[in-house]
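The values are calculated or read from the model by the stated rules, or taken from the named source; none is laboratory data. All values reported here derive from a predicted model rather than from experimental measurement. Reconstructed Cβ throughout: ideal geometry from the backbone, glycine too, with neighbour counts over all protein chains shown. Note: accessible area is taken over every heavy atom of the protein model, side chains too, but ligands, DNA and RNA are not part of it. Shrake-Rupley method; radii C 1.70, N 1.55, O 1.52, S 1.80 Å.
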Amino acid sequence: MACPSAQQLRRFLNDELEGDEHSNLVSHASGCATCQLEMEELTSGGTRVVASLLATELGLRELIGRLRERPVDAWSAAAESVRFAGPVSEGAPLGWLGAYQIEAELGAGTTGQVFAARDSRLGRRAAIQLLPPQSASHAEARSRFEREARAVAALEDERIVKVFEVGATSDGAPFMVMEFVDGESLDAKLGRERTLPPREAASITQQIALGLSAAHRRGIVHRDIKPSNVLLVRDEGRGARGEEDAPTSAWPSPLAPSPSPLKLADFGLARVLESTEQLTQEGFIAGTPAYMSPEQIRRPQEADARSDVYSVGVLLYEMLTGERPFRGVLRMVLSQALHEEPVPLRRLNDRIPRDLETICLKAMSKEPTRRYATASELAEDLSRWLTGQPVLARPIGPFGRAWRWCRRNPKLAAL
């Protein structure tokens, strides 16, 4: 197919295309760098969606500037920043935040800047997440950050990064101090290995689901499950790359109380279900588009625990195939997540066990009612697969696929 005209691309970006015209454009543009670049240019100035989804390098540098100040002797409720005199040499600490010596930058994103630090009182390492400067200036954002940080601090599960305390800097920017996880992110592992063996992928997914189940029981939905928020704990007995060189039996047995090999991080977009506050403003999508459920795209404030189940399904899909189910420019990803079914996993890798594919596609069902009702149910079905028992998930037949197509394309179905 020839490249579509600029008018067709505008109609696609405005969600005005339907049926075959929509599908053909998606199929072509997903592999056409020219069309993707043109759509980026068409949306760069006018899209209302997710400018805030990108990391803010300027905000990070401003924050570091505030931290490079002179140290103080005591910790206070306001977590006074210290003044730092002179340039920072290679390997030297960046500054102080109360009793915490800031050692390095770990990253920045829409939910805050994260630093590695050392507690001068207890001698332990910690990670400090601060609300981005552009959000810290809004009272509502500060209130939400503090409330959700305290809610996450109440979670006690070995698969969730612990929150030690919550405070605010001298200029009112809230922060939370978390345990420092010695290891690597799932994102880094996938970047190095691309795909994981089915049993390893299933074990990681099961542990993620169990951790989310603990949060969901306390009424907390993560809303930003993605590889960079899954931390694989370093096991000194198996080297820096954790389970990589270990046999499958080194993983905890399904649903066993043994220590978890991973921890879930960054509940910065977490939603406390009991809260009636409008958490998402018009034009802002909370989350990372490639891992977001359809309902989280349409009505972010109504996303519940089943939205996290969808995101976990996307993670499993990526670990098994080396590909995300939906790719392309932002508007393409959002449109595909709303209107297209993912390519079956075994079409990308026929060595993937059929039952594991079925579990993954059930977790990724577009209708929340067709997914696993809870993260715990997903973990239990993965446990059945890992132990060689029959799984509860069932593949979708031709009739089911046709019915779903009709639901997504009611006008064409009526014709």
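Observations on the structure shown:
- Here is the list for region 282-370: trypsin sites (Lys or Arg not before Pro) lying in DSSP coil, each with at most 12 other C-beta atoms within 10 angstrom of its C-beta, are R351.
- Potential lengthening of the chain between N349 and R299 amounts to 14.7 nm, from the contour at 0.36 nm per residue minus the alpha-carbon distance.
- For region 320-380, the convex hull drawn through the C-alpha positions has a volume of 94 cubic angstrom per residue.
- Around A2: net Lys/Arg minus Asp/Glu count, Cβ-Cβ under 15 Å: -2
- Region 152-209 shape via C-alpha gyration tensor axes, a/c threshold 1.5: prolate
- Rounded if a/c under 1.5, otherwise prolate or oblate - region 294-347, Cα gyration tensor axes: oblate
- Using the Stokes-Einstein relation with a Kirkwood hydrodynamic radius computed over Cα pairs, the translational diffusion coefficient of region 119-231 at 25 °C and a viscosity of 0.890 mPa s comes to 155 µm²/s.
- Area accessible to solvent at Y291, 1.4 Å probe radius, in Å²: 10 Å²
- Note that region 130-214 presents 37 Å² accessible area per residue, ligands and nucleic acids not counted, probe 1.4 Å.
- Each residue was assigned an accessible area with a 1.4 Å probe, and for K226 the value is about 50 Å².
- The portion of the accessible surface of region 118-233 made up by carbon and sulfur, rounded to a whole percent, is 47 (1.4 Å probe; DNA, RNA and ligands excluded).
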